[in-house]
Amino acid sequence: MRYIYVCGLLAAAAAAQAGEYRAPRLTDGQVDLQGVWSHKNITPLERPAEIKSFVITRDEAAQLQARILAKSEDLSRPAEPSVYFWDRGIEPIRGEYRSSIITDPADGKLPGNEHFKTLAKATGGAVLTAFDGPEARPGSERCLAAISATPPVTVVPAADLRQIVQTANSIVIASEELHEARVVRMNAKHVPPAVVSWVGDSIGWWEGETLVIETKYFAPTSAARAGPASLFFVGPGTTVTERITRVSPSELRYLFTVEDPTYYTQPWKGETRFGRSDEQMLEYACHEGNYSLAFALMSARALEPATVAKKD
C-alpha cells in the first residue's frame, strides 16, 4: 500500500508540472532522452477477468498488486527467491491506476485470431510443463532474449534497466538484462537485413517532442514473448511502433502499437512509463558458468514427475 501511495504522490506532482514542462535539448536540438531508465510497473498486460473497468481505484490497484506480488512468495514451484526481485508495483499512468497495459481494444485483451489461440495454448502449456531439456524452456530462461529489451517492452521482475544514448544519426537503447542493444537508425528506411534478429530492424524519427520508432523484420524464431503473466507473438510480418516522450525530469511516457494479421484480428495498443534511475548498469553475463538451469530442471522433475516425459 505504501508503494501505491508514494506513486500516487509522484503522479500528482508530475501532473502539476505537465502543462509547463519542456524537455531539455542536446546541442543538435534533439530532445534529451539520455540516461538510465527503469520499468517497474507491474500493471498486467491484459485485464484480469475479475476486473471489468480500465481505470481502477487506488484500493483496487493495491489489491491487484498484492495478488501479483504474492506469486513471488509461492514456494511450491521452483522459482527465484523473492529477495532477488525489485521493489515494484502498480504505477499510475497519466494520474490514474489502470487494470491493463493494453489500452486498445477497450476490453484490455489481446485481439488474438484462431491461429493465435492455437499457438498460445500450445506454447503456454509447453512453458508450464516442458522440463525434459533446456531446449523446451523459454528463450529468456536460456539467456537468449529478454522481453524487457525486445519491442514492445514489457516488464520483468529484476535487472530491468536500459540506457539510452543519442547521436546525430542513431539512438541506442541498451538493456542490462541479456545485454541487448537496439540500434535505431534515425530518418532512415527499412532495408530487409541479411540476418534477421529477435530485436528486429528499427528506424526512428521525431514528431515534435516524441521519438517514434518503427520496428520490422523480426526473426521467425522470436515469435513467443512469454512474461511472468503474459504471452503474445511477433514474427516476420509484425510491425511494432513505439512512441517515447519525456514528460518530466524523471519520467518517459511509453506507448506502443503492434500490428500483424498473422496473429491478431486488429492492431493492439498499450501504454506504460519508465522512471529515471541512478543505479549503475552492470554486466549481465547470464550463461558464463551458469549451472542453475540444470538444477531448475531437476527440481521441476522431482516435484512434477507426471508431467515429464520418461527417458528411454
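The values are calculated or read from the model by the stated rules, or taken from the named source; none is laboratory data. Computed from a predicted structure; not experimentally measured. Positions of Cβ are generated from backbone atoms using ideal geometry, with glycine treated the same way; all protein chains shown enter the neighbour counts.
Which of the residues spanning the range 189-217 are in contact with a Gly (Cβ under 8 Å, 6 or more places away or on another chain), on the phi < 0 side of the Ramachandran plot and free of Cβ contacts under 8 Å to residues at least 40 places away in the same chain?
Hits for the range 189-217 are Val212, Glu214, Lys216.
For Ala194, all conditions in the list (1) more than 17 Å from the chain's Cα centre (by Cα); (2) small (Gly, Ala, Ser); (3) closer than 25 Å to Ser277 by Cβ hold save one; what is the number of the exception?
(3)
Here are some residues: Arg253, Arg273, Arg243. Which one is under 19 Å from the mean Cα position of the chain (by Cα), over 23 Å from Ala159 (Cβ atoms), modelled with pLDDT of 95 or more and among the basic types (Lys, Arg)?
Exactly one residue qualifies, and that residue is Arg243.
I'd like the full set of residues that are modelled with pLDDT of 95 or more, in a loop (DSSP other than H, G, I, E, B), under 30 Å from Ala168 (Cβ atoms) and out of contact with any Leu (no Cβ under 7 Å at 6 or more places or on another chain), limited to the range 31-66.
Gln34
Go through the range 250-300 and give me each residue that's assigned to a loop (DSSP other than H, G, I, E, B), of a type in the set (Gly, Ala, Ser) and out of contact with any helix residue (DSSP H, G or I) (no Cβ under 9 Å at 6 or more places or on another chain).
Listed by number, the residues that qualify are Ser277, Gly289.
Among (1) at pLDDT 90 or above; (2) aliphatic (A, V, I, L, M); (3) part of a loop (DSSP other than H, G, I, E, B), there is one condition Val212 misses while meeting the rest; what is its number?
(3)
Which ones in the range 204-250 are of a type in the set (D, E, K, R) and either surrounded by 18 or more Cβ atoms within 10 Å (Cβ to Cβ) or within 17 Å of Ala188 (Cα to Cα) (or both)?
Glu207, Glu214, Lys216, Arg225, Glu242, Arg243, Arg246
Return the residue satisfying two criteria in turn: it lies in the range 13-30 and is loosely packed, with under 10 Cβ neighbours inside 10 Å and either more than 30 Å from Asn169 (Cβ to Cβ) or acidic (Asp, Glu) (or both), and of such residues it is modelled with the highest pLDDT.
Asp28
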